[in-house]
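The values are calculated or read from the model by the stated rules, or taken from the named source; none is laboratory data. A quick note: this is a predicted structure, and the numbers were derived from the prediction, not measured. A quick note on method: Cβ atoms are made from the backbone with ideal geometry, for glycine too, and the neighbour counts reach across all protein chains shown. Accessible surface is based on the protein model in full, side chains and every heavy atom, while ligands, DNA and RNA are left aside. Shrake-Rupley method; radii C 1.70, N 1.55, O 1.52, S 1.80 Å.
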Amino acid sequence: MIRTRFAPSPNGPLHLGHAYAAVVAHDLARARGGEFLLRIEDIDGERSRAEFVEEFFLDLAWLGLAWDGEAGFQSRHLTSYVDAGERLKAMGLLYPCRCTRAEIAAAATQMGPDGPVYPGTCRHRPGTSESVDPEGAAWRLDVARAVKMTGPLEWTDELAGPQHATPEIFGDVVLLRKDLPASYHLAATLDDAADGITLVTRGMDLFPASHVHRLLQALLGLPVPVWHHHPLLVEPDGRKLAKRRGSPSLGDRRRAGEDGKAIAEALRQHRFPAGISLSESLHQSP
Ligand code: GLU
């Protein structure tokens, strides 16, 4: 049975782009007789706020999107992230790193999907005098070593077709943040597996992240879903909608008396407010 999820982070209100993502996840599940789950990605306790979660529930109900079962909360799964981190450490695949953003930017020679690619400064520190004190460090995945262990990996996006996994485009990603027991990559991959998600739907801005998630699935022996990275709602300049650029939140629209179900229907039919359109689809060759 197909199972999808909508996985917002409660660090700000939802806007029309989120509504589109939720409609896609909901409708793909319902059209195929499957389930649609809601997962609150509140692992970052500093930035997550309970009042946004309350708003999410109201916004989804107003849009007419009912989810199956209870909403999941990442903050309740921290031990599973810690356990997976320990397993990866025991496999010799993680190393501690205390480099600052500025140090990385200064030493990087390549750009990746999330900015400067970490140049591997802490990967092979010789001798104990120079070794990184793991206390308060972030833990990075030695991607080259991991890829050697798994061999070539493939994954499938429903829209873009079959893909060869190329997690190395990110460099050695952080899997355990210094302030948290996981990063987005680790937490999302573990939760999708734990929740039995068979079709991971999300915006195509996260397409590259799936290369890393596929690698983590292979390392941790997790089931491999199919992905569906949908186009994003963009402003006339091609940038994705954001509250800070004046895109009204769903809560604002709801309180102003707009009809949420009509908005969801318009999104389904690709009728968008003036100036807003869907980004081009991804057509990546395998
Ligand atoms: N929490 C992420 C976000 O709000 C979504 C992650 C995902 O769908 O994998 O952008």
Return the residues of segment 247-267 that are over 17 Å from His15 (Cβ atoms) and among the basic types (Lys, Arg); say none if nothing qualifies.
Lys261
Quick check on segment 5-18. Is at least one of its residues charged (D, E, K, R) and either away from the ligand (no atom under 12 Å from the Cβ) or assigned to a helix (DSSP H, G or I) (or both)?
no
Determine which single condition Asp68 fails, assuming it passes every other condition in (1) outside any loop (DSSP other than H, G, I, E, B); (2) more than 15 Å from the ligand (Cβ to nearest atom).
(1)
Give the number of residues within segment 198-216 that are within 11 Å of the ligand (Cβ to nearest atom) and among the charged types (D, E, K, R).
2
Confirm whether Arg145 is at pLDDT 95 or above, touching a strand residue (DSSP E or B) at 6+ places or on another chain (Cβ under 7 Å) and farther than 30 Å from Phe56 by Cα.
no
Every residue from segment 164-197 that is within 18 Å of His228 (Cα to Cα), under 18 Å from the mean Cα position of the chain (by Cα) and more than 16 Å from the ligand (Cβ to nearest atom)
Ala165, Thr166
Return yes or no: is Glu46 touching a residue at least 24 places away in the same chain (Cβ under 8 Å), closer than 28 Å to Arg239 by Cβ, within 15 Å of the ligand (Cβ to nearest atom) and open to solvent by 20 Å² or more (accessible area, probe 1.4 Å)?
no
Examine segment 204-217 for a residue that is over 30 Å from Ile2 (Cα atoms) and crowded, with 18+ Cβ neighbours inside 10 Å, and state whether such a residue exists.
no
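Residue-by-condition table, conditions (1) crowded, with 19+ Cβ neighbours inside 10 Å; (2) without any contact (Cβ under 8 Å) to a residue 24 or more places away in the chain:
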residue: Lys89; (1), (2): no, no
residue: Tyr95; (1), (2): yes, no
residue: Ala107; (1), (2): no, yes
residue: Tyr118; (1), (2): yes, no
residue: Cys122; (1), (2): yes, no
residue: Glu135; (1), (2): no, yes
residue: Thr166; (1), (2): no, no
residue: Asp172; (1), (2): yes, no
